[in-house]
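The values are calculated or read from the model by the stated rules, or taken from the named source; none is laboratory data. Just so we're clear, the structure is a prediction, and the values are computed from it rather than from any experiment. We place every Cβ from the backbone using ideal geometry, glycine too, and count neighbours over all the protein chains shown.
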Amino acid sequence: MGEEVNVRSAIHFASAALLLAALSLGSAQLAAAADIPDPAADAKAFQKFFTQKFPKVKLDDFVNGPYSMNEDMHRQWEEKEQFPPYDFSLDLGKEMFSKPFRNGKSYADCFPNQGIGIRQNYPTFDEKEGKVITLELALNRCREANGEAPFSYVKDEMAALTAYMAFTSRGKPFDIKIPNDPRALEAYQNGKRYFYTRRGQLNFSCASCHVQNPGERIRAEVLAPALGILNAMPIYRSEWGGMGTISRRFTTCNSQIRGVPLEPQSDEYRDLEYYLSYVSNGLPISGPGARP
Amino acid sequence: MRDNMLKSVLALTAVLLIAGATSARAASSEADFKAAYAAAEAANKEAASLRNQWTTTAAALAAAKKAADSGDFDQAVASSKEAEALAKASIFQATSEKEAWKALEIR
């Protein structure tokens, strides 16, 4: 009798321990699941947020930034597009792109499909290097590999080259891939964190302007929605009196909120571009663009 | 003799009083500036390691150096202290944002 009770209590004890173990394992898995980024779900939620906030704006029209937010501006822009201010840069880019390097090779040799119609695939994740490769970075690496000096990331030549490459991809939807590599997912997550992190003395994140306040004015400017914000890059900005690349956009955003900008093409900016491009997957490339 | 003693005591008191008064409203020295500037620079370096420096910190540091170069150590110390306060605020921001950014995320 005594032995039977002992066996019974042992069984109870064991099953309770098993239950506890199962519970703690389950909760650990749940916690892990909450921490693992889900880019596909993020992109869906991101696009839903903007289409619900602006039900009158067609999904593809978000790539037109402030022009999608305001009818008057949209009309002005359509007229401006007949003689677009980025035309000079586009012509220069086309010329530069086709001109061979001193070693006889050219940009076309560095890219798939000779560099034509591929803008929508950048940034890519390089599994060999374990890092994000933006188009601007790939262009300078191409130059360096062929014995040419790299260009400034923020304007002029770099803007001209990316303007031409974007132009050959106009209308093609962003198609950013995140390979099954934990480092790619980490880069994506780092980019997302950068996007939402407040910085600078003004305590703004990218999202403060481009998620919480698109369509609103910040002084004389109408803020662009984050959805599709890179599809139009590079851009001619009247405020800058010239062309600017994605690098220029990121660094000036940072200094405008009184933060010291990072180096163009630093890991943070590359990851940010990766995140922002991924969540705009499916929206067409519209670059080069023009902005007030 | 006694008069003379009184005079010298009075003179000494006057000297001490003047010395006391000037030291109470003492101008900052170059050493004060150097200490304040080093503290501000150290905080700004920490902000740099968090990849979160502010442009206003850099401006206050530059203003401190400019004031020191022109011999205005009061202003140099004041600007250094401002720079240190700004750098510390940027460190606080970077630290609190390590978790706080998630509150803004679109889900």
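Identify the residue in segment B:45-66 that is free of Cβ contacts under 8 Å to residues at least 40 places away in the same chain and aliphatic (A, V, I, L, M) and, among all such residues, is farthest from the other protein chains (Cβ to nearest Cβ). Before you say what the answer is, go through the steps one by one.
Narrowing segment B:45-66 to residues free of Cβ contacts under 8 Å to residues at least 40 places away in the same chain: B:45, B:48-49, B:53-66.
When the remaining residues are screened for being aliphatic (A, V, I, L, M), the result is B:48, B:58-64.
Working: B:48: 8, B:58: 7, B:59: 9, B:60: 11, B:61: 12, B:62: 13, B:63: 15, B:64: 17 Å.
The qualifying residue farthest from the other protein chains (Cβ to nearest Cβ) is B:64.
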(request) Please name all residue pairs, on different chains or six or more residues apart, with Cβ atoms under 7 Å, provided the first residue is in segment B:67-80 and is in contact (Cβ under 8 Å) with a residue 12 or more places away in the chain and within 13 Å of residue B:31 (Cβ to Cβ) and the second residue is outside any helix (DSSP H, G or I) and of a type in the set (A, V, I, L, M). (result) B:73/B:27
(request) Check segment A:115-136 and report whether any residue there is under 17 Å from residue A:150 (Cβ atoms), of a type in the set (Val, Ile, Thr) and crowded, with 19+ Cβ neighbours inside 10 Å. (result) yes
(message) Can you confirm whether residue A:216 is surrounded by fewer than 21 Cβ atoms within 10 Å (Cβ to Cβ), of a type in the set (D, E, K, R) and free of Cβ contacts under 8 Å to residues at least 12 places away in the same chain?
(response) yes
(request) Enumerate the pairs (first residue in segment A:187-200 and within 11 Å of chain B (Cβ to nearest Cβ) and in contact (Cβ under 8 Å) with a residue 40 or more places away in the chain; second residue anywhere and buried (at least 21 other Cβ atoms within 10 Å of the Cβ) and part of a strand (DSSP E or B)) with beta-carbon separation below 7 Å, excluding pairs fewer than 6 apart on the same chain, so at least 6 apart or on different chains. (result) A:199/A:259; A:200/A:259; A:200/B:54
(request) Kindly indicate which of B:87, B:42, B:78 is at pLDDT 95 or above and either more than 30 Å from residue A:269 (Cα to Cα) or facing chain A (nearest Cβ under 10 Å) (or both). (result) B:78
(request) Return the only residue of B:83, B:103, B:78, B:64 being out of contact with any strand residue (DSSP E or B) (no Cβ under 9 Å at 6 or more places or on another chain) and loosely packed, with under 13 Cβ neighbours inside 10 Å. (result) B:103
